1. With the crude spin-label approximation of a point 7 Å out along Cα→Cβ, what separation in nm comes out for Leu125 versus Val158?
2. Give me Met88, Met273, Met289 sorted ascending by neighbouring Cβ count inside 10 Å, so fewest comes first.
3. Counting only residues 5 or more places away or on other chains, whose amide H sits under 5 Å from the amide H of Thr286 once H atoms are built in the peptide plane?
4. Excluding Asn136 itself, what net charge comes from residues whose Cβ is under 12 Å from its Cβ, given Lys and Arg +1 and Asp and Glu -1?
5. Name the long-range amide H neighbours of Tyr80: under 5 Å, sequence gap of 5 or more, or other chain; modelled H, no Pro or chain starts.
6. What FRET efficiency comes out for Gln269 versus Gln234 if R0 is 45 angstrom and r is the Cβ-Cβ distance? Round to the nearest 0.05.
7. Once the other residues with Cβ under 14 Å from the Cβ of Ala283 are scored (Lys, Arg +1; Asp, Glu -1), what is the net sum?
8. Quick one: Karplus J couplings for segment 105-115, per residue in order, coefficients 6.51, -1.76, 1.60, θ = phi - 60°, nearest Hz, x for Gly and Pro?
Amino acid sequence: MADEATARRGGTASTATPNPTEAAGSTQVLPAAPARAGRRGTRPGLRKGLEIAFFVTPALVVFLGFVVWPVVKAIQYSLYNWRGYGPMDNFVGTDNFEYVLGNEVFQGALWHNLIIVVLSIAIQLPLGLAIALLLNRKIRGRNLLRTLVFVPWVLSEVVAGVIWRQMLQARYGLLDTLLDSVGLPTTQQGFLGDTRYALGAVMVVLTWKYLGLAIVLFLAGLAGVPEELNEAAQIDGASWWQIQRRVTIPLLGPTVRTWIFLSMIGSIQVFDMVWILTQGGPAESTNTMATFLYSWGVDRNLIGVASAASVIMFVIALVFALTYQRFVLRRDAIDYVPRKARKAATR
């Protein structure tokens, strides 16, 4: 009553205005107090960090010990004239790099690596793709054929290299024996001993050895192609070749680009098969960068020169990898947007 009288006289009540929700009979819910970050709140985050460290630390230690540390030591050795024993105190700076880059043997080895890169892609890509498309069809003995084409890749390089070296040797080799049996001329030094045929013979062995990996990767990519697309194209009247050309092969693009990357890096670093077959000969005709650094580092004990060659090979492989990833593999990323679409979006 006093409040009503005061309101009639134009005054104000001495008490605060009640909350409308309280006047309606509802209960006011106060905001909950923030939870304190006590010991129980920090345990899940700490436990997660310990789990991550537990699984990452072994891999990180292996990576640092077998990748980063050897690269650092190779860079250090390349700056000294050192033979692998005694104190490493003869600092020569970049003289080893200048010597390697100006060496005709290393220049020839670099050229041979580029030839192997180009020929590996040019030969294995169409051949592997054709065999994969054939083995992807429903034919009798398909599983057996898939196993047979993958067997060479499973064999170790030492075993495969020794077998092929025996087959390609002069006079008593299997290939010379077959040529002589049909009346064709044979080589005097064997295919691996003749400078005209040595690199070609090495490429034949490399193709036989690593073609199975390309076929298996392409078959895995073909397994991910939706069968509904092929059936729809077949209903529309497309032939088998048109289906492969317009549907299957374009969808196989990411797998093909990944295989090209692996083949390119492997061709730059190829060593074991070449060394077992020819050891870089005859007359340095099959030398690669890896056989060059091994020959100069192990046979001649020029550790500084060999380390400089290894650093150069590492830089070349790294440049190839980064360039290919930047301009080719980038299109396979999930968030990749073509340049034309980006330009259209900015207009």
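Read-outs: derived from the displayed coordinates by stated rules, not from any lab. Since the model is a prediction, treat every value here as computed from it, not as a measurement. Here the Cβ positions follow ideal geometry from the backbone for every residue, glycine too, while neighbour counts run over all protein chains shown.
1. Result: 3.5 nm between the two label points.
2. Working: Met88 16, Met273 19, Met289 24.
Fewest-to-most ranking of Met88, Met273, Met289: Met88, Met273, Met289.
3. Gly281
4. Values: positive: Arg137, Lys138, Arg142, Arg146; negative: Glu227.
Result for the neighbourhood of Asn136: +3.
5. Amide H neighbours of Tyr80: Val92.
6. Working: r = 43 Å, r/R0 = 0.96.
Plugging the Cβ-Cβ distance into 1/(1 + (r/R0)^6) gives 0.55.
7. Values: positive: Arg196; negative: Glu104, Asp194, Glu284.
Local charge sum for Ala283: -2.
8. Along segment 105-115, the couplings run 5, 5, 4, x, 5, 4, 5, 5, 4, 5, 4 Hz.
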